[in-house]
């Protein structure tokens, strides 16, 4: 009971701290951007950035704009498509590379050459490869998560304590059983970590891909958040640039948080200490 | 505390009707070396002994004398360089569920609850039967973990983990149980508690057990037969029949004159081995030799 109360107090304190930190940050930002009108001189960098209040006003105006929500929707869709494709391809690939030495020997060299190539370097090639703009963007986001997931799964599965295999074997496990009940759960924490990191990269990549490729076929409103930012820049609406940036931050935070929750649900033995 | 004493008293609940099988392992002229050419290191050389049926055989020897290698050979995880290991006349060629190994540090699966860990073997063989489930409950109670059945290994204490591991091995009803320093790293009180739990489990079944340790008190408390290893390359130097009555209880065993005599005998053999490797330049043996001379001259730091 006492421990519970203590934990609650700590939790609240850290929450309070977070709120204060964000508030102070916003205040400094506001002062910085308005320093020219208030004090007569511009603070370098921040002097050119729209103030938070101006951003909020612009944001409020956008809340009723279906184009803004369409951008959210498009980017989310692309992120999810690329991310899930990366999971579906990457997890089995990583596991199979860890389990089968021959396969690993054949695949790993090419994998290691392709891995350091930044996903954005793939944009022109993927526009040429894929029939539609949509597919090329999804492909680039896929790459962003794919390599991270594979490397994590591979590393996780390879570092399983050999005694787990030995004891499973001596208790009469078949190979399939060892895979299903030892390799898979033992790799799960690495899968979760790889996915969380991969998800972050996916958001970074999708925005850049949208900017470069012009954001899909359906013109300005169907372009995703990346295109939304670019369009705002071209149109000279600096408040909207910031709105777009913060929107991406929020989207990334929400998806990471959901993944963390899901991961902790899937790995109860790490949660309960 | 109450729960523990209760569990240690003669079976409070009856074991489901499980027939104990027991086998005998015969090790004949086994050698094992690693590396090749100039770098060959012989770990076990011409080693012969028998793990007798229905007995608890304890092997004791200085650390690094090839005991763990021997266990890997017995388990079938590795093959010997020469010689043969037979279980009931059948040559051991690989791991099998007739021999079960309990490892030095806990090898419980951290992603499974205590109960699921214990049921791993039966489920792996498609034997998730009522009999096995009853046996799992029985073993849980027997090792004092009924209240911890839904906990994950990281939530258990070191001693609880080892007990869960014993239960996980025993439910498979192996012909021979092989234990590689299973209580190593536990503090001395939990270690003694483990001895009582473990010997209680053994006394109930008299399954063939092979137990490797470096702890002389542990060896004498548990053993029916005591095998003393030489220094590397490993060989069995002596066999002592430990004819102390069962069931064994701590207070009783360590006040017993016969136990003290066996301990002195075993120590003097170990001392001879240590002297040999000491003169061969082994630093590790020096500690043993020094401790032994202090003990026998009565000038040691812990006088008795």
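Derivation of every value follows stated rules applied to the coordinates shown; laboratory data play no part. Nothing here was measured: the structure is a model prediction, and the numbers come from that model. Ideal geometry is used to build each Cβ from the backbone, glycine not excepted, and the neighbour counts take in all protein chains shown.
Footprinting exposure proxy ranking of A:108, A:227, A:147, fewest other C-beta atoms within 10 angstrom first, gives A:108, A:147, A:227. Against chain B, whose longest principal axis is taken from its Cα atoms, helix B:158-170 shows a tilt of about 70°.
The antiparallel fraction among DSSP beta bridges confined to the stretch B:2-265 stands at about 50%. Panel order for B:273, B:257, by other beta carbons found within 10 Å of each beta carbon, from fewest to most: B:257, B:273. Out of all Cα-Cα pairs in chain B, roughly what percent, to the nearest whole number, are more than 37 Å apart? Summing the P(r) of chain B above 37 Å gives 17 percent of all pairs. Using the Cβ-Cβ distance between residue A:234 and residue A:48 with R0 set to 25 Å, the FRET efficiency works out to roughly 0.90. For the stretch A:1-135, the equivalent ellipsoid built from the Cα gyration tensor has semi-axes of 43, 29, 18 Å, listed from largest to smallest. Can you give the Kirkwood hydrodynamic radius for the protein assembly as shown, in Å, rounded to one decimal and based on Cα pairs? Result for the protein assembly as shown, one decimal place: 29.1 Å. When the Cα convex hull of chain A is projected onto planes of every orientation, the mean area is 20.6 nm². Per residue, the convex hull spanned by the alpha carbons of the stretch A:1-49 comes to 60 Å³. Across the stretch B:142-261, C-alpha contacts under 8 Å between residues 6 or more apart give a mean separation that, scaled by the residue count, equals a relative contact order of 20 percent. Per-residue mean of foreign Cβ neighbours for B:249-258 is 0 (Cβ atoms of other chains, 10 Å radius). For chain B, the longest principal axis of the Cα atoms and the long axis of helix B:130-142 meet at an angle of about 60 degrees. Entry note, chain A: relative contact order of 21 percent, from Cα contacts under 8 Å with a spacing of 6+ residues.
Per-residue shielding of B:222-234, expressed as the average number of other chain Cβ atoms within 10 Å of the residue Cβ, stands at 0. Of all DSSP beta bridges in the stretch B:72-212, what percent run antiparallel (nearest 5)? Just about 20 percent of them are antiparallel.
Working from label points 7 Å from Cα in the Cα-to-Cβ sense, the residue A:24 to residue B:147 distance is 4.6 nm. Here the spin labels are modelled as points 7 Å beyond Cα on the Cα-Cβ line, and at residue A:108 and residue B:261 they lie 6.1 nm apart. With contacts taken as Cα pairs under 8 Å and at least 6 residues apart, the stretch A:56-202 reaches a relative contact order of 31 percent. Fewest neighbouring Cβ atoms within 10 Å first, the residues A:48, B:206, B:271 line up as A:48, B:206, B:271. How far, in degrees from 0 to 90, does helix A:238-266 lean away from the longest principal axis of the Cα atoms of chain A, to the nearest 10? So the inclination is approximately 20 degrees. The antiparallel fraction among DSSP beta bridges confined to the protein assembly as shown stands at about 50%.
The mean number of partner chain beta-carbon atoms within 10 angstrom of a residue's beta-carbon across peptide A:169-181 is 6.
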